[in-house]
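The structure appears below as structure tokens.
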Amino acid sequence: MTARLDALAILGGIADAPDAPIDLGEAALALALLDRPRAAPARYRIHLEELSRDVGKLADAAGEDLQDRVNVLNSVIFGQHGYEGDSLTYDDIQNANLIRVIDRRKGLPVALGILYIQTARAQGWEAVGLNFPGHFLVRLDGDRDRLVVDPFHNGLVRGAAELRELLKLNAGLDAELSPHHYDTVSDRDILIRLQNNIKIRNIQDGRLEQAMDTVRGMLLFAPEISSLWHEAGALNLQLGNFLAAIEAFERFIGLCGQEEARHRAASIVQSIRARLN
């Protein structure tokens, strides 16, 4: 129970300080604890510290060269500690839970990306997530250059040709690489992307209550994102939680900036109220 309360406090703290830097490892661990409240978080925090410490032992040798920094990160995360992308059971829901990712040493691109970013930042290196469709990527920035790294494929550095090929694989043959594919995403969006994987898999498997729990977890650290309230409303409606659905849709209406979307949500609220009467 204490671990769960700590996790709730961590996620609530992110919501209360929207402009503050986010400790991605700690936040992802808190989200994982909501699903696995009996896990001992200290063990996993120690492992995150170990990753950072092991990279730190080699950081001075890497210096300012980005490729050398990537080599150090890769040698520790994928070499010494044996992490890998789970291509065989990609859709396994465990691949998006940081506790299980650490236990199993494999996961989805975004989960491995969180470990990569967390470990790089612990050295004072600039690392961010990219707004790339269908496959999470990490960018390391230096004073004069930058490298795009694929944590799912053992930290492979991807140039423009490789990114174009990856884009077509995930978004269709007509997709073309453009500058916005190099845009960064916020740490909050990285966490949402992580949890969306769990939510989608629960919905696909008909586990709507578990999907609702995942959305509740996202709302703890991102309560101002209107789309999450719409998802909460839709899921609660499917589950027969009509009062909760009304509350969620009304929160969506208050946050959404699109008049047509607000009107549709208001119509849903009216229909739910009519059903209750």
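Each value in this text was obtained by applying a stated rule to the coordinates, not by laboratory testing. Keep in mind that this is a model prediction, so the values were computed, not measured. Please note: Cβ atoms are built from the backbone with ideal geometry, for glycine as well, and neighbour counts cover all protein chains shown.
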Tell me whether segment 225-276 comes out rounded, prolate or oblate; compute the Cα gyration tensor, take square roots of the eigenvalues as a ≥ b ≥ c, and use a/c under 1.5 as the rounded threshold.
oblate
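Restricting to DSSP loop positions (anything but H, G, I, E, B) with no more than 14 other Cβ atoms inside 10 Å of their own Cβ, which GluC sites (Glu not before Pro) remain in segment 6-87?
Numbers: sites: GLU26, GLU49, GLU50, GLU64, GLU84; in loops: GLU64.
Those satisfying the criteria are GLU64.
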Quote the FRET efficiency, to the nearest 0.05, computed for ASP213 versus VAL185 with a Förster distance R0 of 25 Å and r equal to the Cβ-Cβ distance.
0.55
What's the extension gain from PHE242 to ASN131 if we count 0.36 nm per residue and subtract their Cα-Cα distance?
36.4 nm
Please list, in order, the residues from segment 100-139 whose amide nitrogen is less than 14 Å from a point placed 7 Å along the Cα→Cβ vector of SER178.
132-133
Residue among ALA96, ALA20, ALA265 with the largest mean-square fluctuation in a Gaussian network model of the chain, springs linking Cα atoms under 10 Å
ALA20
Do you know the relative contact order of segment 2-185, to the nearest whole percent, from alpha carbon pairs under 8 angstrom that are 6+ apart?
17
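Using Cα pairs closer than 8 Å and at least 6 residues apart in sequence, work out the relative contact order for segment 181-249, in percent. All intermediate terms of the calculation are to be shown ahead of the outcome.
Details: 53 pairs, mean separation 15.7, N = 69.
Reported relative contact order: 23 percent.
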Taking Cα atoms, the helix 41-62 axis meets the longest principal axis of the chain at an angle in degrees (rounded to 10) of 40
Using DSSP to define loop residues, name the GluC sites (Glu not before Pro) in segment 203-271 whose beta-carbon has at most 14 other beta-carbon atoms within 10 Å.
GLU224
Where a label projected 7 Å from the Cα of ARG45 along Cα→Cβ would reach, residues of segment 1-16 with amide N under 17 Å
1-14
Once the in-chain neighbours fewer than 8 apart are removed, the aspartates and glutamates whose Cα is under 19 Å from LYS168 read ASP150, GLU176, ASP183
With an 8 Å Cα cut-off and a minimum separation of 6 or more residues, compute the relative contact order for segment 124-169 in percent.
24
